[in-house]
Amino acid sequence: MERKRKPRYTPVIILLAAFVMLTVALIGQNFWFGEERTQEAAVALLDNDSFTQASGTAADGEESGKAECLYLWDSEDASSQLLHEQMPQILHDMKVSFREVDISREEIPDYEAFEKVVLGYGRYNQTEQEILDLADWVAGGGDLLIALVPEITTVSEWLCARAGIEFVGPTLYETPGLRLQDELLLGQGKTDYPIEEPFESSLSVSLDSECRVSVTTNDEAEVPLLWQRDYQKGKIVFVNLGIYDKGYRGIYAAAYSMLGEVCAWPVVNGAAYYLDDFPAPIPSGEGQHIEEDYGLSVGDFYTQIWWRDVSSLSEKYGIKYTGMVIEEYSDQVEGPFESLSDSQRFMYFGNSLLDLGGELGYHGYNHMPLCLENFDYRGEYDGYETWRSYEDMKASLEELQEFCEGLYPEESFQVYVPPSNVLSEEGRSLIVEEFPNIRAIASLYLGSDVIYEQEYEVSEDGIVETPRVISGYILDDDMRLRAMSELNLHYVSSHFQNSDDVLATDQGEEFGWEERYHRLCDYVEWLDEAAPSIRYLTGSEMAGAVQRFYYVDVEREEGEEGLALTLSDFQDEAWLLARFNDWEPDTSEEGVDGGTIEHLQGNLYLIKAEEAQVMIKKKV
């Protein structure tokens, strides 16, 4: 009997059936479970009129004549000018009422009107008598922060001796990096923080035995960079770093927090992870090393390897990714703008991200920053096209908005990330005036003249500024130091990765995806160890956290029982870091009224205010 043959097309039918079943499963995941995904934001964005006052304690001391701190600087000295670019913002963000005095134009007021003094100039000879008076004020119980490395003169040597310096070398020392010697600074999982471009910035000093050193150079010399010393009834804190960049603000904030019995300041308390160009079409770029390493096309690599690894970090640590959608990679800058016909990639990745608890925001119709023809890129982005008109920029975002709302009808799309972190004044005005659903802009904390650089604040037009601090997979020494610094000022971490960074070959063969992923994991693990209580937030939740941080003000009153905090413009919660220099708080439930307190490390604590008044009692 002749055996019947199976039709040759049977395998094709089986494959088609499997494909149909997979498609149905994906559709079910994307649509049927999408409604169950909706959840209340951990930190909701509030209406702008929820807050009753503009933030800004920096001016309070000027207007009322009362201030906690006197900040002295010299507008005619280059180093003092550099520190002045940072120190007022540090005090402002710590909600310290201070009076600022330019010694080259104003008389130094009576120190007795202040609790603390920040010395932000280094040419002491021109104010010799005032320096002598300052030392007497400290001896009587005042607290002094020497924030700027002074010039070596007879007067400075005299003051430095009171700060515990026994010997000063004749030349400045090239500081290769920081070494954390105690638990002053968060970031102990990594004690050494190299400086990317060191220069001669610090005094080469030796100290007496009464100094308590917190930071030294990270070499054999271990030159002291940050220490404190009691001087009779008062205290002197000395920052011998000599670097006054924005990325070091947390060092100076920690130094200021060493003054007084207790220092408590509001913080953001949030960690955000952004995925730029995600979802997006398959990134352009050479995929030769991907094909060699994995035997996959670029598109399959992103689906099977990259997203598997990136999403595993979310599942392990609770990271809530914010994906920034870009519709296409063309250089089109003139309408009309057509909608992308193939959206399967967007559906899969976007809904997978949402299922992990993340959210989506706008990046752009394409990767052309919102800049008109009059914008000067200053040679940094010569490959970018400028938009032909305001109307064209508007039409491109309207197309992106329609595209996104069609794919993800439940999403609010409250966050915008400028392509390449470049945003012109006209582009920003467009966002505010034409797209009221966008509540926050996430660009960069540090940048060049072309970059849209931000502070953690709410602008006058209501946009919440939520800068990203670090980026990418390589995470060099400079980024590590920046990340550590921001933990110690705002208790914040903000990182972004761009999907096409995986295709970059400028770092060399040794930096394939495995190495890049390893370095990203290393950073995530470091953050989890350095700040285990930090909240993982989406981009809009980060904006809500910044709102609460920015507007809240704090009055601190120390008494025999403990520390009383009174918060103005308090909404539903506020977070503060507090350093207890002279006594230990009671961390039990009975020890705190109006909130909770958690020990972080050393004498540093994290406070959650649940009411406008918080009382923290001394531990008996």
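The values are calculated or read from the model by the stated rules, or taken from the named source; none is laboratory data. These numbers come from a predicted model, not from an experiment. Quick reminder, even Gly has a Cβ in these numbers, built from the backbone with ideal geometry, and neighbours come from all protein chains shown. Note: accessible area is taken over every heavy atom of the protein model, side chains too, but ligands, DNA and RNA are not part of it. Shrake-Rupley method; radii C 1.70, N 1.55, O 1.52, S 1.80 Å.
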Hey, could you check region 580-620 for residues that are assigned to a strand (DSSP E or B) and charged (D, E, K, R) and say which is farthest from ALA564 (Cα to Cα)? GLU598
Residue that is nearest to SER79 (Cα to Cα), among those in region 127-159 that are in contact (Cβ under 8 Å) with a residue 40 or more places away in the chain and small (Gly, Ala, Ser): ALA147
What are the pairs, 6+ residues apart or on separate chains, where a residue within region 385-405 that is part of a strand (DSSP E or B) has its Cβ under 6 Å from a residue that is open to solvent by 20 Å² or more (accessible area, probe 1.4 Å)? TRP387/LEU372
Entirely in region 282-349, the helices (runs of 4 or more DSSP H) that have 1 or more residues that are at pLDDT 90 or above and of a type in the set (Val, Ile, Thr): 298-301, 307-317
Do you know which of the residues in region 412-430 that are open to solvent by 30 Å² or more (accessible area, probe 1.4 Å) and touching a residue at least 60 places away in the same chain (Cβ under 8 Å) is farthest from ASP245 (Cα to Cα)? SER412
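Of all residues in region 172-206 being outside any strand (DSSP E or B) and among the charged types (D, E, K, R), which is most open to solvent (accessible area, probe 1.4 Å)?
Taking the candidates together, the pick is GLU197.
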Kindly indicate whether VAL168 is of a type outside the set (Asp, Glu), free of Cβ contacts under 8 Å to residues at least 40 places away in the same chain and out of contact with any strand residue (DSSP E or B) (no Cβ under 7 Å at 6 or more places or on another chain). no
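When you look at TYR536, is it closer than 30 Å to SER50 by Cβ and open to solvent by 30 Å² or more (accessible area, probe 1.4 Å), yes or no?
yes
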Looking only at region 465-489, which residues are among the charged types (D, E, K, R), open to solvent by less than 10 Å² (accessible area, probe 1.4 Å) and in contact with an Asp or Glu (Cβ under 8 Å, 6 or more places away or on another chain)? GLU465
Could you say whether any residue in region 556-572 is surrounded by 17 or more Cβ atoms within 10 Å (Cβ to Cβ), touching a helix residue (DSSP H, G or I) at 6+ places or on another chain (Cβ under 7 Å), without any contact (Cβ under 8 Å) to a residue 40 or more places away in the chain and not polar (S, T, N, Q)? no
Could you list all residues from region 326-344 that are open to solvent by 50 Å² or more (accessible area, probe 1.4 Å) and either touching a strand residue (DSSP E or B) at 6+ places or on another chain (Cβ under 6 Å) or not hydroxyl-bearing (Ser, Thr, Tyr) (or both)? ASP331, GLN332, GLU334, PRO336, GLU338, LEU340, ASP342, GLN344
Just the residues that are surrounded by fewer than 23 Cβ atoms within 10 Å (Cβ to Cβ), touching a residue at least 60 places away in the same chain (Cβ under 8 Å) and assigned to a strand (DSSP E or B), please, taken from region 227-262. ARG229, TYR231, GLY234, LYS235, VAL262
With the structure loaded, tell me whether ALA272 is hydrophobic (A, V, I, L, M, F, W, C) and surrounded by fewer than 21 Cβ atoms within 10 Å (Cβ to Cβ) or whether it fails that test. no
Assigned to a helix (DSSP H, G or I) and of a type in the set (Phe, Trp, Tyr) - does that describe any residue in region 551-563? yes
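Table: residues versus (1) under 30 Å from VAL415 (Cα atoms); (2) among the basic types (Lys, Arg).
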site: GLU560; (1), (2): no, no
site: SER568; (1), (2): yes, no
site: GLU573; (1), (2): yes, no
site: LEU577; (1), (2): yes, no
site: ILE597; (1), (2): no, no
site: LYS608; (1), (2): yes, yes
Suppose the filter is open to solvent by 40 Å² or more (accessible area, probe 1.4 Å) and touching a helix residue (DSSP H, G or I) at 6+ places or on another chain (Cβ under 8 Å); does TYR390 pass it? yes
If you scan region 263-279, which residues turn out to be assigned to a loop (DSSP other than H, G, I, E, B) and in contact with a His (Cβ under 8 Å, 6 or more places away or on another chain)? VAL268, ASP277
Residues that are over 28 Å from ASP522 (Cβ atoms), open to solvent by 10 Å² or more (accessible area, probe 1.4 Å) and not small (Gly, Ala, Ser): does region 285-305 have at least one? no
How do the pairs read when you match residues in region 580-601 that are surrounded by 15 or more Cβ atoms within 10 Å (Cβ to Cβ) with residues anywhere that are small (Gly, Ala, Ser) and assigned to a strand (DSSP E or B), using Cβ under 6 Å and keeping only pairs 6 or more apart or on different chains? GLY595/ALA609
Could you grab me the full set of residues in region 207-223 that are within 16 Å of ILE195 (Cβ to Cβ) and open to solvent by less than 20 Å² (accessible area, probe 1.4 Å)? VAL215, THR216, THR217, VAL223
Filtering region 431-449 down to residues that are more than 16 Å from MET324 (Cα to Cα) and either surrounded by 20 or more Cβ atoms within 10 Å (Cβ to Cβ) or among the polar types (S, T, N, Q) (or both), which residue is modelled with the highest pLDDT? TYR445
Examine region 176-187 for a residue that is farther than 14 Å from ILE236 by Cα and in contact with a Lys or Arg (Cβ under 8 Å, 6 or more places away or on another chain), and state whether such a residue exists. yes
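This table checks each residue for (1) in contact with an Asp or Glu (Cβ under 7 Å, 6 or more places away or on another chain); (2) not in a helix (DSSP H, G or I).
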| position | (1), (2) |
| --- | --- |
| LEU70 | no, yes |
| SER79 | no, no |
| LYS95 | yes, yes |
| VAL101 | no, yes |
| GLU106 | no, yes |
| VAL118 | no, yes |
